[in-house]
Amino acid sequence: MGYPDQRFDVNLSILFTELPLLERPAAAAAAGFTAVELWWPWIETPTPPQAELDALRKALDDAGTQLVGLNFYAGRLPGPDRGALSLPGAESDRFRANIEVATTFAAATGCRALNALYGNRVAGVDPAVQDELALENLVSAARAAHGIGADLLIEALNGPESPHYPLLSAPAAIEVVDAVDEATGLGNAKFLLDLYHLSMNGEDLSQVIKAYAARTGHVQIADNPGRGAPGTGSLPLERLLDELADAGYTGRIGLEYKPGDRPSAESFGWLRS
């Protein structure tokens, strides 16, 4: 076992960002990858022109890359936002407007995993009000995802970098997964297990894997500290991925790390070695 036995994909919203969006799939393919994932690429709008959606789909097809993960609209990401679905008002409206657009694009590209970032707490708004709104929107997203045979992913982030985000542990994210599944009866809400975020929160990663591998729909990695490539920090990522495989996880491993002060194509030496 080890790195060569894993099914890696490249997150094109954090790697290859030195290139225009439409050139990134080909760059990932040139680096040896056949699968990619994306945060919502149009941070200013949940409903981009159809021509832009078609151009991205063509770029993926031309490169021979499969889109395996896509975020719903999440506000300014990268930036100060961490999702839109629990924010009363305009941002929640934007999330709802995005559901059909994102699921239609996912269906057209064969993507079967859609990540819904929860959104930050809002000063002056009762958290219970935000949670009620979040569940309503997540139920809608889960039903739309189910309609194309996709999973809805729920992710925990880390407190040091996202102090206003309410899902700051694996159990907190799993609680939301359970609530969505109970409300829909569909069973397509899954945990997005990000080893970097969970390590930043000080969680026992081996225990998280044992407890939640069966509930996990996607995995993302970066080393800690620094959110760099494997080997730049101190996380035993190769061992942890073996533990995931031993626990029955057979899905993709998203490379969601910063390439550092070098072109992204030069950040994969850890894998080749």
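The values are calculated or read from the model by the stated rules, or taken from the named source; none is laboratory data. Bear in mind that the values here come from a model prediction, so they are computed numbers and not experimental data. Methodologically, a virtual Cβ is constructed for each residue, glycine included, from the backbone with ideal geometry; neighbour enumeration extends over all protein chains shown. With ligands, DNA and RNA removed, areas are computed over all heavy atoms of the protein, side chains included. Shrake-Rupley method; radii C 1.70, N 1.55, O 1.52, S 1.80 Å.
Under the convention that each Lys and Arg Cβ holds +1 and each Asp and Glu Cβ holds -1, the size of the dipole of segment 204-252 around its Cα centre is about 200 debye.
Under the classification rounded if a/c is under 1.5, otherwise prolate if a/b is larger than b/c and oblate if not, where does segment 46-96 fall, given a ≥ b ≥ c as square roots of the Cα gyration tensor eigenvalues? Kindly include the intermediate steps, with their values, before the conclusion.
On the way: a/c = 3.00, a/b = 2.07, b/c = 1.45.
In terms of gyration-tensor shape, prolate.
Tell me the carbon and sulfur percent of the accessible area for segment 1-133, rounded to whole percent, probe radius 1.4 Å. Walk me through the numbers before you get to the answer.
Details: 2990 of 5590 Å².
C and S atoms contribute 53 percent here.
Amide H to amide H distances under 5 Å link Lys190 with Leu152, Leu153, Ile154, where only residues 5 or more positions off or on other chains count and H is placed in the peptide plane. In sequence order, segment 87-95 has phi-based couplings of 9, x, x, 4, 5, 4, 4, 5, 4 Hz under the Karplus curve 6.51 cos²θ - 1.76 cosθ + 1.60, θ = phi - 60°, and Gly or Pro positions carry x. Out of every Cα-Cα pair that the chain contains, those further apart than 33 angstrom amount to 15 percent. The Cα-based radius of gyration and maximum Cα-Cα distance (Dmax) for segment 224-273 are 11.9, 36 Å. Positive end of the dipole of the chain (Cβ unit charges, origin at the Cα centre): among Ala211, Leu133, Ala97, the Cα lying farthest that way belongs to Ala97. Across segment 98-115, coupling constants 3J(HN,Hα) worked out from phi with the 6.51/-1.76/1.60 Karplus curve, θ = phi - 60°, read 7, 4, 5, 5, 5, 5, 5, 5, 4, 4, 5, 9, x, 7, 10, 9, 10, 8 Hz, and Gly and Pro carry x. Explain nothing, just the number: relative contact order of segment 1-40, from Cα pairs under 8 Å at least 6 residues apart, as a whole percent. Computed over segment 1-40, the figure is 52 percent.
How big is the antiparallel share of DSSP beta bridges in segment 1-157, given as a percent to the nearest 5? Please list the in-between numbers first.
Details: 1 of 12 bridges.
Looking only at bridges with both residues in segment 1-157, the antiparallel portion is about 10 percent.
Just to confirm, what accessible area per residue do you get for the chain at 1.4 Å probe, in whole Å²? Spell out each step's value before the answer.
Working: 11160 Å² over 273 residues.
Heavy-atom SASA per residue in the chain reads 41 Å².
Atom-type composition of the exposed protein surface of segment 163-248 places 48 percent of the accessible area on carbon and sulfur (1.4 angstrom probe). Accessible-area rank, largest first, for Glu136, Glu161: Glu136, Glu161, with all protein chains present and a 1.4 angstrom probe. Taking every C-alpha pair closer than 8 Å and separated by at least 6 residues, the mean separation divided by the residue count of segment 174-273 gives a relative contact order of 24 percent. Cα-based values for segment 1-129, radius of gyration first and Dmax second, are 15.8, 50 Å. Couplings for segment 225-242, taken from phi via the Karplus curve 6.51 cos²θ - 1.76 cosθ + 1.60 with θ = phi - 60°, read x, x, 6, x, 5, x, x, 8, x, 10, 6, x, 5, 4, 5, 5, 5, 5 Hz in order; Gly and Pro are left as x.
Short-range pairs are left out: with C-alpha atoms under 8 Å and at least six residues apart, the relative contact order of the chain is 18 percent.
Antiparallel beta bridges, as assigned by DSSP with both residues in the chain, represent about 5 percent of the total such bridges. For the chain, adding -39500 (n - 2.57) for each run of n ≥ 4 DSSP H residues and dividing by the number of residues yields -12000 deg cm²/dmol at 222 nm.
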